[in-house]
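Worksheet: one structure, shown below.
The values are calculated or read from the model by the stated rules, or taken from the named source; none is laboratory data. Predicted model only: the values in this text are computed from it and were never measured. Note: ideal-geometry Cβ built from the backbone for every residue, glycine included; neighbour counts use all protein chains shown. For the accessible areas, the whole protein counts, side chains as well, though only heavy atoms, and no ligand, DNA or RNA atoms are used. Shrake-Rupley method; radii C 1.70, N 1.55, O 1.52, S 1.80 Å.
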Amino acid sequence: MHPASPPPDRSGLDALLRNRPFLALWTGQLLAQVADKIFYVLLIILLKTGDYLPWPVSWQHSGNSMLSAVMIAYTVPAIVFGSAAGIVVDRFSKKQMLIACNVIRAGLIVALPFLPKAFVVLLTMTFLISTVTQFFAPAEAAAVPLVVGREGLMSANALFASSTMGGIIIGMTIGEPLFSWVKHSFGSASQEFLLGALYLISAGLIYAMQIKEGHVGSSGKNVHPWQDLKEGLRYLKHNHLVSNAMVQLTILYSVFAALQVLAIALSGKIGLKETQFGFLLAAAGVGMVFGAGFLGHWGSRFHHKPLPLIGFLMMGFVLAMFAFTRQLWVGFGLSALFGFGASLINGPMQALIQEKTPESMRGKVFGLENNAINIALSVPLAITGPLTDAVSKAVRSDDLGLRIVLLSLGFLVSVMGMVAWRHTRKVLQDVL
């Protein structure tokens with residue numbers, strides 16, 4: 001799919017793994033991803049232990065309400081500040097921005113044990129930490145083209161996508177047992193110190209990254225956020241290739257969000273406990289790793305093929321097959337195939353955006369992309385569960401209701417993928 005034709009001797013995972021600046025950025029962001037998910041686990045632990053006094057007082061026995069409030073404080077900055085973060089990123093060094101985000105998050109988390117044990121304090125700190133996190137994502141995406149050449153973008157983005165999924169799986173898996181061990185061995189405050197140390201190590205790895213940044217906007221003069229935002233939107237309006245690629249990424253993350261909800265009920269159908277749905281998502285992560293390897297070694301040979309279309313059709317097929325799957329090994333295999341298909345969309349489309357966007361515009365564009373993806377993640381999470389319940393109630397069968405939703409979603413994903421590719425193909429024909 002990718003319109004570029006990278007020379008085979010300079011692309012692939014082997015070249016990336018010999019690229020020290022890329023390794024520093026990749027390992028640094030992977031550690032930060034793990035820390036983000038461990039922080040999510042820490043929030044739940046802090047609420048469940050009851051150390052934080054409820055506010056308002058009427059929430060004395062409303063643990064679920066407190067948890068929902070914290071989750072809102074954690075997710076709202078992604079929607080509110082996503083675009084603004086991209087504007088700021090364009091005005092500063094990407095490397096300095098990444099380091100600053102990690103150091104600030106480490107400082108805020110380490111400060112938690114020394115602050116009053118009031119729920120409003122935890123709420124405020126969660127909001128601040130999540131806000132700082134919004135600046136990390138566009139800075140990271142804008143830094144990738146600076147550490148790899150045009151020919152390595154597809155491989156690099158496929159690897160980043162698989163490591164992002166890996167970070168989610170690792171963080172969610174080791175968070176609780178790691179905190180339990182640390183708290184038992186070194187005391188309660190050690191949980192926050194451990195998490196802060198992870199962010200600082202990530203900052204150190206990125207500090208070791210040697211990159212040459214061309215354009216860095218003025219950080220103090222002629223700052224016009226609204227004008228910058230309109231400039232980014234204007235760029236997307238006129239650059240149909242980039243905007244269509246962003247649409248396909250938004251669809252991809254919407255489908256992933258829906259799968260996260262459906263995986264809970266689906267796990268119970270294939271022989272797992274519903275609480276073990278993470279294993280099904282982990283299989284998708286394994287598929288993304290294989291997809292990264294495929295794009296890394298052979299992506300340059302298939303740059304002229306409609307890889308995103310194949311990816312969408314593959315994901316639609318898997319969702320439809322999930323409706324009839326009752327064997328554990330088949331479920332894992334389908335989930336891995338789903339992740340492989342997702343990598344065929346994410347790698348080429350993210351590489352296309354990075355290649356076609358000028359360095360001076362990358363922060364704005366990736367800020368808008370981050371904003372769109374966060375909204376795309378929120379909507380399916382909010383409607384997929386109630387929709388499945390409503391369909392199950394209408395047909396008076398949980399199993400049949402889940403099957404109908406999976407088949408419908410599989411068909412919808414295939415259609416959306418074909419429509420999105422059709423528009424992108426037309427733009428490519430005009431460009432090429």
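For residues that are polar (S, T, N, Q) and surrounded by fewer than 24 Cβ atoms within 10 Å (Cβ to Cβ), tally how many sit in the stretch 340-356.
So in the stretch 340-356, the residues polar (S, T, N, Q) come out as 343, 346, 350, 354.
From what is left, the residues that are surrounded by fewer than 24 Cβ atoms within 10 Å (Cβ to Cβ) are none.
Count: 0.
If you take the residues of the stretch 380-413 that are under 23 Å from the mean Cα position of the chain (by Cα) and open to solvent by 70 Å² or more (accessible area, probe 1.4 Å), which of them is nearest to Ala258 (Cα to Cα)? Within the stretch 380-413, the match that is nearest to Ala258 (Cα to Cα) is Leu381. Considered as a group, the residues in the stretch 3-53 that are modelled with pLDDT of 90 or more and polar (S, T, N, Q) include one that is nearest to the chain's Cα centre (by Cα), and that residue is Gln29. Checked across the stretch 95-107, the condition of being basic (Lys, Arg) and under 23 Å from Thr357 (Cα atoms) holds for at least one residue. List the pairs whose first member sits in the stretch 18-36 and is touching a residue at least 24 places away in the same chain (Cβ under 8 Å) and of a type in the set (Val, Ile, Thr), whose second member is surrounded by fewer than 20 Cβ atoms within 10 Å (Cβ to Cβ) and outside any loop (DSSP other than H, G, I, E, B), and whose Cβ atoms are under 6 Å apart, counting only residues at least 6 apart or on separate chains? Here the result reads Val34/Ile170, each pair linking the stretch 18-36 to a residue that is surrounded by fewer than 20 Cβ atoms within 10 Å (Cβ to Cβ) and outside any loop (DSSP other than H, G, I, E, B).
Considering only residues of the stretch 248-277 that are modelled with pLDDT under 75 and more than 19 Å from the chain's Cα centre (by Cα), which is surrounded by the fewest Cβ atoms within 10 Å (Cβ to Cβ)?
Kept after step one, since they are modelled with pLDDT under 75, are these residues of the stretch 248-277: 274-277.
Those left that are additionally more than 19 Å from the chain's Cα centre (by Cα): 274-276.
Working: Glu274: 12, Thr275: 9, Gln276: 14.
Among those residues, the one meeting the criterion is Thr275.
What is the residue count in the stretch 315-339 for residues that are of a type in the set (Phe, Trp, Tyr) and either in contact with a strand residue (DSSP E or B) (Cβ under 9 Å, 6 or more places away or on another chain) or surrounded by 24 or more Cβ atoms within 10 Å (Cβ to Cβ) (or both)? Walk me through it before giving the result.
Keep residues of the stretch 315-339 that are of a type in the set (Phe, Trp, Tyr), which gives 317, 322, 324, 329, 332, 338.
Then drop every residue that is not either in contact with a strand residue (DSSP E or B) (Cβ under 9 Å, 6 or more places away or on another chain) or surrounded by 24 or more Cβ atoms within 10 Å (Cβ to Cβ) (or both), which leaves 322, 338.
Counting residues in the stretch 315-339 that are of a type in the set (Phe, Trp, Tyr) and either in contact with a strand residue (DSSP E or B) (Cβ under 9 Å, 6 or more places away or on another chain) or surrounded by 24 or more Cβ atoms within 10 Å (Cβ to Cβ) (or both) gives 2.
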